[in-house]
Amino acid sequence: MLTSITMRPLIITLLFSISLNCLFGYLSYSFYSDKAVAEQALETCKGTNQTLSNSLDKQEKACKVGDGIASEFKRQEQALESQSEAVLQSIDTLPKQQIEKQSLNKTDRSQSETVINETYRNAPTEIDIDSKLPASLVGMLKEHCSRVKGSACTNP
Amino acid sequence: MLVLTPDTLLVDPCEVVGAGDSVRSLAKGYVRNTSCVGEYKLLLDKQRKYKREAEEVYKNGG
């Protein structure tokens, strides 16, 4: 009788302790699995961050390459334009040329009239750099220019 | 791998001009148009160069 009275609190305490241990064991296991999941997610994020960082570095390098090449293009384009401007200025300074009609001297009279007339008719009277082109040629060139550009061409 | 050409290399460098109606304007038009062809060729060369170097950057990391 006396032992059952003293044993009861001990048993209750023991059972309480065991249940507490089970509870803490379960909680510990639960937290451990959550921690493992969180660590896994963190590793994934680290990897993604590294990949994005590398991608950004490559993008920046590609941008620098593009900028360098664009500047190089501008420089060389300006050199081309300067050269063509120089040629255009040379064309502007070209004088009009004139070739006078061949004068018929007495020695030429030895040739037949037909030959003389032919020579006189075919000799260029004037070479003028500002002379008009034939209308048919102008039309052809304008048509070609419109075909290339697809709209009205402007005169230089 | 997709390499996009930058906008700075996608501009028209020049335009074709007409022949006009005189020998002088014809000659000047010829000069302008041939130099325009040269500028387009230069632009294409630069675009090819950019593609080559950008592919190198993305393949090897620069």
Number of the exception - B:Val37 against (1) surrounded by fewer than 16 Cβ atoms within 10 Å (Cβ to Cβ); (2) modelled with pLDDT of 90 or more; (3) more than 30 Å from A:Gln59 (Cα to Cα); (4) among the aliphatic types (A, V, I, L, M): (2)
Residues satisfying the stated conditions in segment B:1-34, i.e. within 15 Å of A:Cys63 (Cα to Cα) and either facing chain A (nearest Cβ under 7 Å) or under 20 Å from the mean Cα position of the chain (by Cα) (or both): B:Val3, B:Leu4, B:Thr5, B:Pro6, B:Asp7, B:Thr8, B:Leu9, B:Leu10
All positions within segment B:1-47 that are touching a residue at least 24 places away in the same chain (Cβ under 8 Å) and among the aromatic types (Phe, Trp, Tyr): B:Tyr40
Failed item in (1) at pLDDT 95 or above; (2) loosely packed, with under 10 Cβ neighbours inside 10 Å, with A:Glu39 passing the rest: (2)
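The values are calculated or read from the model by the stated rules, or taken from the named source; none is laboratory data. Everything numeric here is computed off the predicted structure, so don't read it as measured data. Here the Cβ is made from the backbone with ideal geometry for all residues, glycine too, and neighbour counts use every protein chain on show.
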